[in-house]
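What follows draws every value from the coordinates through simple rules; no lab data is involved. Keep in mind that this is a model prediction, so the values were computed, not measured. Heads up, the Cβs are rebuilt from the backbone with ideal geometry, glycines too, and the neighbour counts pull from every protein chain shown.
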Amino acid sequence: MITEEVHRNGGHIFLQLWHVGRISHPSLQPNGALPVAPSAIRPEGSAYTYEGQKPFVTPRALGLEEIPEVIAQFRDGAIHALDAGFDGVEIHAANGYLIDQFLRDGTNRRADTYGGSVANRARFLMEVVEAVAQVWGANRVGVRLSPVNPFNSMYDSDPQTTFEFVAQRLGRLGLAYLHVVEADEHGETTHPTINFQRFRDAFGGTYIANGGFGYERASAYLAQGHADLISFGRLFLANPDLPERFAQNTSLNLPDHATFYGGDEKGYTDYPSLEMKSVCCP
């Protein structure tokens with residue numbers, strides 16, 4: 001298994017647990033059912049389906065009695081990750097997927113205990129975290145948030161208050177880390193109305209920053225004490241040997257955005273490594 005190979009090479013690996021919520025399509029659901037969400041609000045854009053891109057549809061709002069079933073699905077996923085030999089799990093509460101849809105008031109218009117106030121909108125995330133922590137222990141569970149990313153038609157009227165509250169609540173649980181996307185979908189990192197340091201202070205534990213980082217900016221960010229760790233997504237996708245490239249201060253492959261969310265090896269396993277370049281391209 002991939003976990004065994006990672007461990008054999010001295011690495012550690014966490015599995016990301018997520019539910020896309022409304023960012024789906026009936027053709028991807030059992031029996032052509034509607035996607036679910038906290039509220040019946042259709043996102044702009046298109047879903048990636050087996051027949052190509054298709055416009056998003058208006059989702060079905062989850063019934064109050066259905067929410068525990070979804071939380072149980074996250075717990076089941078955590079059990080499967082443990083059985084598969086992972087070292088921990090990250091709960092994906094970012095980028096416009098189901099948990100993020102509950103957190104932000106632009107997508108959560110519920111009038112029950114899972115909507116309205118910030119505490120109510122955070123309730124679903126907190127219950128998911130607690131269920132997953134029962135499987136793993138809190139110190140093997142991380143959470144990913146994206147306070148400023150509008151990707152997937154996301155909006156919140158007061159993201160500073162919303163996500164500072166969430167970070168503070170998560171900080172009580174003794175989690176492995178908080179992973180915050182500090183850029184928007186275009187990589188923009190300048191957000192004058194948002195103070196990410198307050199998110200870090202509210203959480204009080206290991207803080208991972210993500211978004212718009214290269215080697216130099218990441219090094220400076222760490223040296224200035226803005227984060228404990230920096231994560232890389234697109235750069236790692238395009239550079240399977242990214243740590244070695246950083247160590248050698250050499251050129252990087254550029255991510256091919258046209259291949260994102262594709263269905264084959266293009267843009268996934270075909271980026272050349274430094275070793276491959278030295279063999280094929282002296």
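Provide the net charge surrounding residue 103, with neighbours chosen by a C-beta distance below 9 Å and charges set as Lys +1, Arg +1, Asp -1, Glu -1. Working shown, then result.
On the way: positive: 104, 121; negative: 100, 105, 156.
With Lys, Arg at +1 and Asp, Glu at -1, the net is -1.
Do the sum for the chain: with -39,500 (n - 2.57) for every DSSP H run of n ≥ 4, divided by all residues, what is the mean residue ellipticity at 222 nm, to the nearest 500 deg cm²/dmol?
Details: 10 runs with 98 residues, N = 282.
The helix contribution divided over the chain gives -10000 deg cm²/dmol.
If the chain linking residue 195 and residue 224 were pulled fully straight, counting 0.36 nm for each residue of separation and taking away their Cα-Cα distance, it would gain 8.9 nm. Remark: the stretch 150-165, residue by residue, has Karplus-estimated 3J(HN,Hα) of x, 3, 6, 6, 9, 7, 9, 6, 8, x, 4, 5, 4, 7, 5, 4 Hz, where x stands for each Gly or Pro and the curve is 6.51 cos²θ - 1.76 cosθ + 1.60 at θ = phi - 60°. Computed from backbone phi, the HN-Hα couplings of the stretch 253-265 come to 5, 8, x, 9, 4, 5, 9, 4, 6, x, x, 9, 6 Hz, rounded to whole numbers (Karplus: 6.51 cos²θ - 1.76 cosθ + 1.60, θ = phi - 60°; Gly and Pro given as x).
Shown is the FRET efficiency for residue 34 and residue 6, computed with R0 = 35 Å from the Cβ-Cβ distance and rounded to the nearest 0.05: 0.40.
Contact order, relative form, for the chain: 13 percent (alpha carbon pairs under 8 Å, 6 or more residues apart, mean separation divided by residue count). Can you give me the long-range amide H partners of residue 95? Hydrogens built in the peptide plane at 1.01 Å from N, cutoff under 5 Å, separation of 5 or more residues or another chain. Amide H neighbours of residue 95: 146.
Longest stretch of the chain clear of exposed loop sites (GluC sites (Glu not before Pro), DSSP loop, at most 13 other Cβ atoms within 10 Å, sites excluded): 52-187. Under 5 Å between amide hydrogens, built in the peptide plane, is the criterion, and for residue 15 it picks out 87, 88, 89, 90 among residues at least 5 positions away or on other chains.
Mind checking the alpha-carbon convex hull of the chain and giving the volume per residue in Å³? Please report the intermediate quantities before stating the final value.
Values: hull volume 41.5 nm³, N = 282.
Output value, Cα hull per residue: 147 Å³.
Of the DSSP beta bridges with both residues in the chain, give the percent that are antiparallel, rounding to the nearest 5. Don't skip to the end; give the middle numbers.
Details: 4 of 25 bridges.
In the chain, DSSP labels about 15 percent of beta bridges as antiparallel.
About its Cα centre, what dipole magnitude does the stretch 16-231 give when the only charges are +1 on Lys and Arg Cβ and -1 on Asp and Glu Cβ, stated in debye to the nearest 20? Don't jump to the answer; show the numbers that get you there.
Values: 17 positive and 24 negative charges, 54 e Å.
I would put it at about 260 debye.
Computed 3J(HN,Hα) for the stretch 116-124, one whole-Hz value per residue from the Karplus formula 6.51 cos²θ - 1.76 cosθ + 1.60 where θ = phi - 60°, is x, 5, 4, 4, 5, 5, 7, 4, 4, glycine and proline marked x.
Amide H contacts of residue 60: 36, 37, each under 5 Å away and 5 or more positions distant or on a separate chain (H built 1.01 Å from N in the peptide plane; Pro and chain starts excluded).
Could you work out the relative contact order of the stretch 45-133, using alpha carbon pairs under 8 angstrom and six or more residues apart, expressed as a whole percent? Mind dumping the intermediate values first?
Numbers: 66 pairs, mean separation 19.8, N = 89.
So the answer I get is 22 percent.
Loop-located trypsin sites (Lys or Arg not before Pro) across the stretch 2-91 with a Cβ neighbour count of 11 or fewer within 10 Å are lacking, with loop assigned by DSSP.
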